[in-house]
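Below you'll find the structure, written out as structure tokens, and then a few comments.
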Amino acid sequence: MGQTASALRPRSSKSTSEISPSLAEPGSENPDDPAADSDDAASGNDYSLDLPDECLACIFQSLSAGDRKRASLVCRRWLGVEGQSRHRLSLNAHSELAGVIPRLFVRFDAVTKLALKCDRRSVSIGDDALALISLKCRNLTRLKLRACRELTDDGMSIFANNCRNLQKFSCGSCSFGAKGMNALLENCGLLEELSVKRLRGITDAAAAEAIGPGKAAESLRVICLKDLYNGQCFGPLIIGAKNLRSLKLFRCSGDWDKLLEVIADRVDGMVEVHLERIQVSDLGLSALSKCASLEILHLVKTPECTNIGLMAVAEKCKLLRKLHIDGWKTNRISDDGLIAVATYCPNLQELVLIGVNPTRLSLEKLAANCLNLERLALCGSESVGDTEISCIAAKCFALKKLCIKSCPVSDHGMEALAGGCPNLVKVKVKKCRGVTSEGAEWLRASRDSLSVNLDPVEPELPDASISEQEIGDADVPSAGGLASSSSGRSTSFKMRLGSFSRRSLVLCTFKRWSSFGGRLRSNSGRS
């Protein structure tokens, strides 16, 4: 038949790789012509001719994206069946795509999940192309737009009017504004998930048009907002989403305390809340404590949140299962807040602490009360040493996965883990200077079923240090907290390279001396 063995190997059913227009265009021949298939199989027996198209389609759905592409090139019949059975499609959304859309969706006429992605340096498709896609794919349930900066409110309005069965919508770095978003929410009454990142069409927060709620408010379950200068214009939508289950806010400017108070009063069924680098304080956390059904809470780099807010959440949200806290080393969340979590949240299964300094006091309380704690991560905690690890090993009986990063732990802590945590299956240690490869190997040898992943810390070279004065004198541009040189290489890389060069120079010198000594001895022997 011409297909390889890998073409029939079961793979993931998700085929999301991007397809270029040239590969997606069907041939001028009729793909359903059995005579053509007979000609293609003249050199051998094509047993796939005995399979109905439905069976062949099921086989294609078990292949990876690359194998599906290769399988579609075997014969005309496979080309037609593969295209008609593909429900997920990802396209390069360059402006050139507009010219091949009619032929493209003749082949892929059953697509329900579509991704249109354009790189930032290219011109994307415009309103006309999106309108044409909406006419060809009226059964779309998912749409993802990336860097489609030529789309406007008009194009989004036409699309929303034609594709009313949309259930999931995601956009990033697009240029349409509030009118286009409101058209989507008003026409797509089945929308369940909404993800918006860097929506460039809304620039003035004071004059921004309110977004929502629309007909979609009744069906929305997940709202995710990222990198929005004026994310609070989505307030009416969030407040009106009575059945909202998950709210995720990443790097959205503005004071969110008051809005969270209104949200908590109107939406009482939220299960997951993720707050990252937004302006929220204990007032906002106290408001969230009204969500008694809350199970997952992420507080990432919110420096105004303290033990008071965490205690309020713990006292009323007793169903909490997952808690992630990145304290940003502000020390405003400590033992008091964690003891409250241990006291009131016995169902806790996952705890991640970054830049938080728990002591043996709070860890013992968590181990004693949270009997279902299975996953624990301690990162950048100055107070977590061998004593605390020994406490975890002795009392966290349900623990299955443990991650320790940048903590003052040594091999003695690894020895404690060898005899504790009977259900432990994986330990990951990173950037802990006291833990050596010998200690990790000893732990592996002590528990054969335990997976130990050690990321050793490279010893610092005495001459590789750099003073604050040197840092101040260096001309280093900053962008979002990240600095880079003109060559794009970090300072640590240059220091390692310099150290390597010095070692290479020493080795070369030793070789030259050795060679010189050998020649000298040879000459003396001859004389």
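Please report, ordered by residue number, the helices (runs of 4 or more DSSP H) entirely within the range 76-174 with at least 3 residues that are modelled with pLDDT of 90 or more.
Of the helices (runs of 4 or more DSSP H) lying wholly inside the range 76-174, those with at least 3 residues that are modelled with pLDDT of 90 or more span 101-107, 127-136, 153-162.
So, in the range 175-204, of the ones that are outside any helix (DSSP H, G or I), under 22 Å from Asn243 (Cβ atoms) and of a type in the set (A, V, I, L, M, F, W, C), which residue ends up most open to solvent (accessible area, probe 1.4 Å)?
Across the range 175-204, the extreme among qualifying residues is Leu190.
Which ones in the range 336-389 are out of contact with any Pro (no Cβ under 9 Å at 6 or more places or on another chain) and among the β-branched types (Val, Ile, Thr)?
Across the range 336-389, the qualifying residues are Ile339, Val341, Thr343, Val352, Ile354, Val356, Thr359, Thr387, Ile389.
Among Cys233, Cys252, which is the only one that is under 13 Å from Gly177 (Cα atoms) and in contact with a helix residue (DSSP H, G or I) (Cβ under 8 Å, 6 or more places away or on another chain)?
Step by step, each of Cys233, Cys252 is checked, and only Cys233 is under 13 Å from Gly177 (Cα atoms) and in contact with a helix residue (DSSP H, G or I) (Cβ under 8 Å, 6 or more places away or on another chain).
Out of all the residues in the range 217-235, is one or more over 27 Å from Ile125 (Cα atoms), of a type in the set (Val, Ile, Thr) and modelled with pLDDT of 95 or more?
Yes, the range 217-235 contains at least one residue that is over 27 Å from Ile125 (Cα atoms), of a type in the set (Val, Ile, Thr) and modelled with pLDDT of 95 or more.
Using beta carbons and a limit of 7 Å, which pairs, at least six apart or on different chains, have the first residue in the range 431-445 and over 16 Å from Gly385 (Cβ atoms) and the second one open to solvent by 50 Å² or more (accessible area, probe 1.4 Å) and not in a helix (DSSP H, G or I)?
Ser437/Pro456
Which one is farthest from Glu150 (Cα to Cα), of the residues in the range 80-111 that are surrounded by 17 or more Cβ atoms within 10 Å (Cβ to Cβ) and β-branched (Val, Ile, Thr)?
By that ranking, first place goes to Val81.
Here are some conditions: (1) part of a loop (DSSP other than H, G, I, E, B); (2) open to solvent by less than 30 Å² (accessible area, probe 1.4 Å); (3) over 23 Å from Glu415 (Cα atoms). Ala340 meets all but one. Which one does it not meet?
(1)
Residues being surrounded by fewer than 20 Cβ atoms within 10 Å (Cβ to Cβ) and either modelled with pLDDT under 95 or assigned to a loop (DSSP other than H, G, I, E, B) (or both): count how many of those fall in the range 322-331.
Residues meeting the conditions: 4.
Check the range 48-58 and report whether any residue there is small (Gly, Ala, Ser), surrounded by 13 or more Cβ atoms within 10 Å (Cβ to Cβ) and at pLDDT 85 or above.
Scanning the range 48-58 turns up no residue that is small (Gly, Ala, Ser), surrounded by 13 or more Cβ atoms within 10 Å (Cβ to Cβ) and at pLDDT 85 or above.
The values are calculated or read from the model by the stated rules, or taken from the named source; none is laboratory data. Small disclaimer: the values here were computed from a predicted structure and weren't measured. Backbone-built Cβ (ideal geometry, glycine too); neighbour counts: all protein chains shown. When the accessible area is computed, the model is the full protein with side chains, heavy atoms only, and any ligands, DNA or RNA have been set aside. Shrake-Rupley method; radii C 1.70, N 1.55, O 1.52, S 1.80 Å.
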